[in-house]
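All remarks here apply to the structure that follows.
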Amino acid sequence: MMSNFNINEFVDGILSSNISYVSKAITLVESTKPEHQEQAQQIINAIIKHSGNSIRVGITGVPGVGKSTFIESFGLEVIKHGHKLAVLAVDPSSQISKGSILGDKTRMEQLAVHPSAFIRPSPSSGSLGGITKKTKESIIICEAAGYNYILIETVGVGQSETLVHQLTDFFLLLMLAGAGDELQGIKRGIMEMADAIVITKADGTNADKAKMARSEYANALHLFPPTESSWIPEALTCSSLESKGITEVFEMIEKYHRHTITNNYFYKKRQFQNKQWFHQTLNDLIIEKFYSDASIKNKIISIESDIENNLVNPYEALKSIFKK
């Protein structure tokens, strides 16, 4: 695919916001071919000093909450304030096809064609561990290309929220009103990660329900222990269809950004995330090197049948591999 790879061409293309080069670079990052990985790392090395100057917002929510509609409305609001927006998706549920299950570009029609927006559905190739590394590198590419607002949408449920939380500055949880007992619908752990909860579809007959849900969530958020950022998580309502409450969500994220810049939490969290990224990459590399050793592979295969038939203690068997 990239046989005539020219690093300078890529770097110049990315730094001049050429969408074609941004897309190609992310494709290299996502590829599992060793030569593509090598090229991707050359690009990251060359542009990393141009990254970091954005607000990274993680967005998650229960299925049916209207994430795409919200992202489109919110994205247009972000652009209206003079920002350039990139939307990346973390999709651990596409393990079967190994491709992306998102039709984001068809679901966000206005945003997809906007010159100040870049939308990238990302296949995870079934590896939750790899998501952090690949998404982090995609963020660096987008930031170097001048996108100063990055939205990272989680499509899967469960572990992907934690990963997105580790990659972002602000974590937004979208909720529906009237979906049974309000506080039962979402894991406490995800609520504790949220910097804000936004009740979507607050229009028509649902408007009153959304207001009630908002006050229930606001009360619940106050019960959690104070956050390290000393930010008190907020609960808001919005209607993406009627574009109501979207400006308030944008203003709240701006307020959070100012708050965390002032008390230095913003930089501390970024430094911590960079360190986490380093350790995650180290772990991935160790595992990759370990399993790619042919003699270790053969040893594992020979031990497996003994393990299956209960003939050997797994711990002792592993010790023999590590001695090897």
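The values are calculated or read from the model by the stated rules, or taken from the named source; none is laboratory data. Please read these numbers as outputs of a predicted model, since none were measured by experiment. Note: ideal-geometry Cβ built from the backbone for every residue, glycine included; neighbour counts use all protein chains shown.
Key figures
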quantity	calculated
Residue that is surrounded by the fewest Cβ atoms within 10 Å (Cβ to Cβ), among those in segment 257-277 that are within 19 Å of the chain's Cα centre (by Cα) and within 30 Å of S239 (Cα to Cα)	H257
Hits in segment 212-227 (condition: more than 17 Å from G189 (Cβ to Cβ) and either crowded, with 17+ Cβ neighbours inside 10 Å or touching a helix residue (DSSP H, G or I) at 6+ places or on another chain (Cβ under 7 Å) (or both))	A213, R214, E216
Residue within segment 233-245 that is among the polar types (S, T, N, Q) and at pLDDT 90 or above present	yes
Failed item, numbered, when S230 is tested on (1) buried (at least 19 other Cβ atoms within 10 Å of the Cβ); (2) free of Cβ contacts under 8 Å to residues at least 60 places away in the same chain	(1)
Criterion (at pLDDT below 85 and under 30 Å from D208 (Cβ atoms)) met by exactly one of K133, K105, K187, K98	K187
Helices (runs of 4 or more DSSP H) wholly inside segment 195-301 containing at least 3 residues that are under 22 Å from I139 (Cα atoms)	246-262, 265-291
Selection status of L311, assigned to a loop (DSSP other than H, G, I, E, B), of a type in the set (A, V, I, L, M) and loosely packed, with under 13 Cβ neighbours inside 10 Å	yes
Single residue of F278, F266, F322, F290 found to be out of contact with any Cys (no Cβ under 9 Å at 6 or more places or on another chain), of a type outside the set (G, A, S) and in contact (Cβ under 8 Å) with a residue 24 or more places away in the chain	F266
Those helices (runs of 4 or more DSSP H) lying entirely in segment 1-75 with at least 2 residues of a type in the set (S, T, N, Q) and either out of contact with any strand residue (DSSP E or B) (no Cβ under 9 Å at 6 or more places or on another chain) or under 30 Å from D203 (Cα atoms) (or both)	19-30, 34-47
Residues located in segment 9-51, provided they are touching a Gly at 6+ places or on another chain (Cβ under 6 Å) and surrounded by fewer than 19 Cβ atoms within 10 Å (Cβ to Cβ)	S17
Identity of the residue in segment 52-77, crowded, with 18+ Cβ neighbours inside 10 Å and closer than 15 Å to N274 by Cβ, that ends up farthest from the chain's Cα centre (by Cα)	S54
